[in-house]
Structure formats: structure tokens, C-alpha cells
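Q: My structure is below; once you've seen it, I'll send some questions.
The values are calculated or read from the model by the stated rules, or taken from the named source; none is laboratory data. From a predicted model like this one, the values you see are computed outputs, not experimental measurements. Cβ placement follows ideal geometry from the backbone for every residue including glycine, while neighbour counts extend to all protein chains displayed. With ligands, DNA and RNA removed, areas are computed over all heavy atoms of the protein, side chains included. Shrake-Rupley method; radii C 1.70, N 1.55, O 1.52, S 1.80 Å.
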Amino acid sequence: MSKFNLRDAKNEDGKKVYELMTPILIKYGLKQIQKEDDAIDTDLDNLEENYFKRDGHFYVLTRDDNTEVIGSVGVYKISDAMCELRKMYLDENFRGLGLGKLLLESAISKAKDLGYKEMELETHTALKEATQLYLKYGFAKTDVGKNHQLCSRCDQCLTLRLD
């Protein structure tokens, strides 16, 4: 089995994460940009500014050579008490090896270390494998009220208490 490296992302990884996401979204019939003014992936343009400098974090998973990004996950600050799990993707060629669990557990652990009490995520029902993993880790489906607007490619919200 290949060795893998989970590391803090750098700004130059944003483009690699975008390239990782594209075939995954296409496979599930989802688009990166749903409408002309869509800005749901602009956080990848500057990972350091949008995550690390805002009390968040972003990991990339690479092969042992540290160049090919095969997985990603971000912890994005929503408020002092709540963060959002963002951009959790894993190349389908590396699924079934426990790497999705590694990404999710690392993000949950980092969110706790950063002092967050709750984590939310937005996803699409087409992403069945990911949704099953989230539910297994204790995330619960949340009714989306009028105060919460889902991003354009998501149709459900899940939350997890961290304390």
C-alpha cells in the first residue's frame, strides 16, 4: 500500500483541490458553478487567508511524494462557536482505505482544538457515501430555516455537537 501524507495546505494547493473536486462533482452530476454569480469555491483562491487567518484550518492528503493531492478537507469559521466542514473530497481511486475517515477525524479533532462547539456541513443527497460517513460519525440532518441559505450545489445540511 502506498504511503500517504496528511499536511496543512498551502495557497498553491488550492488549484490542486479544485482539480480534485472537478471529476468527483461531474461523476455525481453536480457542477462547480451553478449560476453566474456563484462564488462557492472562491475560498480555494487563498487558503491561508480564508482558513488559517480566520481561525480555521485546511488539510490536503497527498501520496508520499507530497505532490499529487488525493484528498482535502477544511474547517471554516462561521462564528466563535460554530465551524463548517468544507471541501471534503477524496479521489475515488483511494477510497476504501480508511482515508475518508482520516480526513473527517482530522477535521473534527482540529475543530475541537480550535474551540468550536458545533460543526455543520452542506452536502448533496447524490453524495451517498459521504453522507453515510457523516451520519456514522454522529452528524444529524438539520432543518434549514429561513435564516440559512444552502450553497447552490447542496440540498441538505448536517450538524455535529463537538462538546
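Q: When the helices in the chain are scored as -39500 (n - 2.57) per DSSP H run of 4 or longer and the sum is shared across all residues, what 222 nm value do you end up with, to the nearest 500 deg cm²/dmol?
A: That comes out to -8000 deg cm²/dmol.
Q: In Å³ and rounded to a whole number, note down the convex hull volume per residue for the Cα atoms of region 64-133. Working shown, then result.
A: Values: hull volume 7.1 nm³, N = 70.
Output value, Cα hull per residue: 101 Å³.
Q: Please compute the modelled spin-label separation between Thr42 and Asp113, points set 7 Å along Cα→Cβ, answer in nm with one decimal.
A: Output for this residue pair reads 3.0 nm.
Q: Heavy atoms only, probe 1.4 Å: what % of the accessible area of the chain goes to carbon and sulfur, would you let me know?
A: 46 percent
Q: Just the accessible area per residue of the chain, please: how many Å² with a 1.4 Å probe?
A: 54 Å²
Q: If you average 1/r across every pair of different Cα atoms in the chain and take the reciprocal, what Kirkwood value do you get, in Å?
A: 16.0 Å
Q: Same structure, new question: What's the FRET efficiency of Glu68 with Asp143 using the Cβ-Cβ distance as r and R₀ = 41 Å, to the nearest 0.05? Each step should come with its number before you reach the end.
A: Working: r = 39 Å, r/R0 = 0.96.
Efficiency computed from Cβ-Cβ geometry: 0.55.
Q: Show me the helices of the chain, taken as full DSSP H stretches, that run 20 Å or more along their long axis by Cα and average -1.0 or above in Kyte-Doolittle hydropathy.
A: On the way: long enough: 13-27 (22 Å, 0.00); 99-113 (21 Å, 0.17).
What comes out of the filter, once short or polar helices are dropped, is 13-27, 99-113.
Q: If I take every Cα pair under 8 Å that is 6 or more residues apart in region 59-163, average their sequence separation and divide by the length, what percent do I get for the relative contact order?
A: 23 percent
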